[in-house]
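Participant: Pasting a structure below so you can have a look.
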Amino acid sequence: MRCKCVLLVAGVMIAAAVMAQEGGPAGDPMAATTLREMCDQLEGAGSFTVQARITWDTSGENMLQFGAAQSIALRRPDRLRIEYHGDLSERIAWFDGKRLVYLDPVANLYAQLETGPTLDAAMDDLFDKAGFNFPLSDFFYVDAYGSLSDGTVDGEYIGLNAVEGVKCHHLAFSRDTVDWQIWIDAGPAGLPRKFLMKYKLLDGAPQFSAIFDDWELDVEIPDAHFKPELTQDAMQIDFISTIQQGGR
């Protein structure tokens, strides 16, 4: 059962204790409560659109950094469209409640996965059968809090820090394999402004980060937006082949 976010100190302590029992992050109760409050907003939205500016590092001795722009349109419980335009790859993905289609528009190759009926099920199937998921997919789940905090063993409320001039709650969390941070708008919006993950077991501890722009919740998105747009000469391949093309 999802607990309500509270503002009184005593209430924060109680809420954090309940979240720890439910598998949420231990440590600073303010970190768990602030994360829960943000996730309540996303989980309660019937739909949303957002833009993300992504940077990511390669691993190894000669670490390089690359960038991408990603647009996301989601309508619960069973619609998703992602457009990813990166330094190393271009990708468009659609989920229409029955199938998930993943297109490389440059090579005109696509992969298709029959799945559903919910977006949660489709993302789980994608990971189980193809071995990957979409960037920032933790934010897509009906239980975004559970997805973000899964495996998290410690959390800390760092303070109020700015992201591009916007004052944000800055939180830091730790898992066995990654450390991650999130900056949440401290104003009425209460939505993520920045997200960062450090893969501490990989050579050089590479990082992935995203800055969010233009959140819109409960926006009208027509069915046509989630319909795959494939040309007649597009060639279908297996998901494993799509992965082997490389790049992010």
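Participant: If I model a spin label at residue 235 and residue 213 as a point 7 Å from the Cα along the Cα→Cβ vector, what separation in nanometres do I get?
Facilitator: About 3.5 nm separates the two model spin labels.
Participant: While we're on this one: Which whole-Hz ³J(HN,Hα) couplings does segment 72-87 yield from phi under the Karplus relation 6.51 cos²θ - 1.76 cosθ + 1.60, θ = phi - 60°, glycine and proline marked x?
Facilitator: 10, 10, 10, 9, 6, x, 8, 9, 8, 9, 10, 10, 10, 10, x, 4
Participant: If each DSSP helix of 4+ residues adds -39,500 (n - 2.57) and the sum is divided by the residues in the chain, what number results at 222 nm, nearest 500 deg cm²/dmol?
Facilitator: Numbers: 5 runs with 53 residues, N = 248.
So the calculated ellipticity at 222 nm is -6500 deg cm²/dmol.
Participant: Sticking with this one: What angle do you read, to the nearest 10 degrees and between 0 and 90, between the alpha-carbon axis of helix 119-130 and the longest principal axis of the chain?
Facilitator: 60 degrees
Participant: Now, a different point. Using only C-alpha atoms and all pairs of different ones, pull out the Kirkwood radius for segment 45-248 in Å with one decimal. Spell out each step's value before the answer.
Facilitator: On the way: mean 1/r = 0.0556 Å⁻¹.
Evaluated on segment 45-248, it is 18.0 Å.
Participant: Would you kindly work out the equivalent ellipsoid of segment 123-191 from its C-alpha gyration tensor and give its semi-axes, the square roots of five times the eigenvalues, largest first in whole Å? Don't skip to the end; give the middle numbers.
Facilitator: Values: eigenvalues 133, 45, 20 Å².
For segment 123-191, the semi-axes come out at 26, 15, 10 Å.
Participant: Take a quick pass over the chain and tell me how many lysine pairs come in under 23 angstrom between Cα atoms, counting only ones 8 or more apart or on separate chains. Before the final figure, lay out each step's value.
Facilitator: Working: 98/129; 98/227; 129/227; 167/194; 167/198.
Count of close lysine pairs: 5.
Participant: Also, quick follow-up: Nearest 0.05, what FRET efficiency do residue 99 and residue 55 give at R0 = 25 Å with Cβ-Cβ as r?
Facilitator: Details: r = 31 Å, r/R0 = 1.24.
The value I calculate is 0.20.
Participant: Once you compute Rg and the Kirkwood Rh from C-alpha atoms, what is the Rg to Rh ratio for segment 30-136?
Facilitator: Ratio value, two decimals: 1.01.
Participant: Are there GluC sites (Glu not before Pro) in segment 32-61 that DSSP puts in a loop and that have at most 12 other Cβ atoms within 10 Å, and which ones? Walk me through the numbers on the way to the answer.
Facilitator: Numbers: sites: 37, 43, 61; in loops: 61.
Counting only loop positions with at most 12 other Cβ atoms within 10 Å, the GluC sites (Glu not before Pro) in segment 32-61 are 61.
Participant: Quick check: convex hull over the Cα atoms of segment 190-229, volume per residue in Å³, rounded to an integer? Before the final figure, lay out the partial values.
Facilitator: Values: hull volume 5.7 nm³, N = 40.
Looking at segment 190-229, the number lands at 143 Å³ per residue.
Participant: Quick one: which residues, 5+ away or cross-chain, put their amide H under 5 Å from the amide H of residue 88? H built at 1.01 Å from N.
Facilitator: Close amide H contacts, sequence-distant or interchain: 248.
All of the numbers you see were taken from the coordinates with simple rules; none came from a lab. From a predicted model like this one, the values you see are computed outputs, not experimental measurements. Positions of Cβ are generated from backbone atoms using ideal geometry, with glycine treated the same way; all protein chains shown enter the neighbour counts.
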